[in-house]
1. Let me have the relative contact order for segment 3-135, percent, based on Cα pairs under 8 Å that are six or more residues apart.
2. As a footprinting exposure proxy, order 270, 102, 189 by other Cβ within 10 Å, with the fewest listed first.
3. Using a 10 Å cut-off on Cβ atoms, rank the peptides 18-30, 306-318 from the highest mean neighbour count down.
4. Rounded to whole Å and sorted largest first, what semi-axes of the equivalent ellipsoid does the C-alpha gyration tensor of the chain yield via the square root of 5 times each eigenvalue?
5. Computed over the Cα atoms of segment 3-135, what is the convex hull's projected area averaged over all directions, in nm²?
6. With Cβ to Cβ distances under 13 Å as the rule, what net charge do the other residues near residue 262 carry (K, R +1; D, E -1)?
7. If a helix is a whole DSSP H run, which ones in the chain reach 20 Å or further along their own axis (Cα) and hold a mean Kyte-Doolittle hydropathy of at least -0.5?
8. Taking neighbour Cβ counts within 10 Å as the exposure measure, how do 79, 392 sort from fewest upward?
Amino acid sequence: MSRKELLAAFAEQIGFRVEYDPVAGEVRAVGVPCLFVGGVPGTCTIATSYSPSTGKPDDRIGQAAHAVKIATDGEHDGRVYHADGTPIGNYLKGDGKTWSNISVHKGAKSNPEPDETAGDLLHRYAKQIIGAVSAGGYVDPGAFVMPDPFHIPNTFEARAAIAPIQDRIRGQSVAIIGLGGSGAHFLDIIAKTPVSEIHLFDSDCVDWHTLMRAPGVPTTEEIELIRAGSPLKVDYYRSKYATFRDGIHAHPVRVESPEMFAEFVAEHPIGFAFIFIDQLTEGDNARQDVVYRAVSEAQVPFIDSGVSITVEDFAVWGSVTTSYYEAGSDAWKAAIPNARQHGDAPGYRNVQLPEVNAAAATAALMEWRRRTGQYVSEPPSFYQKFRFDKGRISYA
């Protein structure tokens, strides 16, 4: 059995998964059972980088060739622990919440041995982290349920018999770029799934028209808050859903360059991104071009959702579009209707109808569930359009 097969067999035995990314030169163990501070059980992701030509680990992730990055599923202190309550590994760096770089030497500390491959390195750390779970009294480390992010009992999954389906996205980290009408509706839906982290990107403030497109209605206190001075959308929505669940993070910024987003992803690994932004032409390119390029170059798969709408003869016509792009794909340049729009060509417009926003958000989430294997699906089309005048969905 090869070293790669050993790691795969161990992952299958315990119940985590291994992801190799030869383009980025990274290997990750996702959903690894671990102990957080205070002996709280949970899961984490262990990541290391390597040279694709040799397969040997390097120092791009973890800060040393024998170090790894630990990303915890949920906010704790970014560390994993032994059963006796002491942290595993030598701490190198972290944010004190969701991730840390740790070092565990192979062999004697005074004379460490190199790991043969990145898979060997990952296997070594996984065994130690999972061993701590076993020592903590969990006979089958892979059997305990990943903690939910919710502040209420999650009786829904058992009632609907969908827990095994939800397991396919449980613990995933996602980003929502744009919290207008469609983005807000999307947050409302995805907040009710067991993803562990939802990162919100928007630099705009809440205005009265925002509330006419958003799901639900504001409380009296929230209305008074807006009267006193419009809060940022990311802060408003984070606080609104913080009573319901953990893991929602506000980033009051626009994604303005690939470098900016790459730096963010290096600190906060993202499994999927969802883009809901209006077309604003700046020079020769639409604003979205920068966002699409940034997400693509960060090797994050994404779904774009948009609405093309106008009013003619006192009636609304237009369409809702949804399209999916694999990590690193630049197919958006030719496929997204608003990319590089010029002159009066119809692109995405700022829509003010909440039912249309809700339709766009629902289409995006259903496409994500389809792409993550939660729906029975024929080979999926990458592009869908729902036309108001036709009342049906067309595929490309």
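Computed from the coordinates by the stated procedures, all read-outs in this text should not be read as laboratory data. All figures in this text were calculated on a predicted structure; none of them were measured in a lab. Backbone-built Cβ (ideal geometry, glycine too); neighbour counts: all protein chains shown.
1. 23 percent
2. Ordered by Cβ neighbours within 10 Å, fewest first: 189, 270, 102.
3. 18-30, 306-318
4. For the chain, the ellipsoid semi-axes come out as 40, 23, 20 Å.
5. Orientation-averaged projected area of the Cα hull: 7.6 nm².
6. -3
7. Those that clear 20 Å and a mean of -0.5 are 118-135, 354-371.
8. Ordered from fewest to most neighbouring Cβ atoms within 10 Å, 79, 392 come out as 392, 79.
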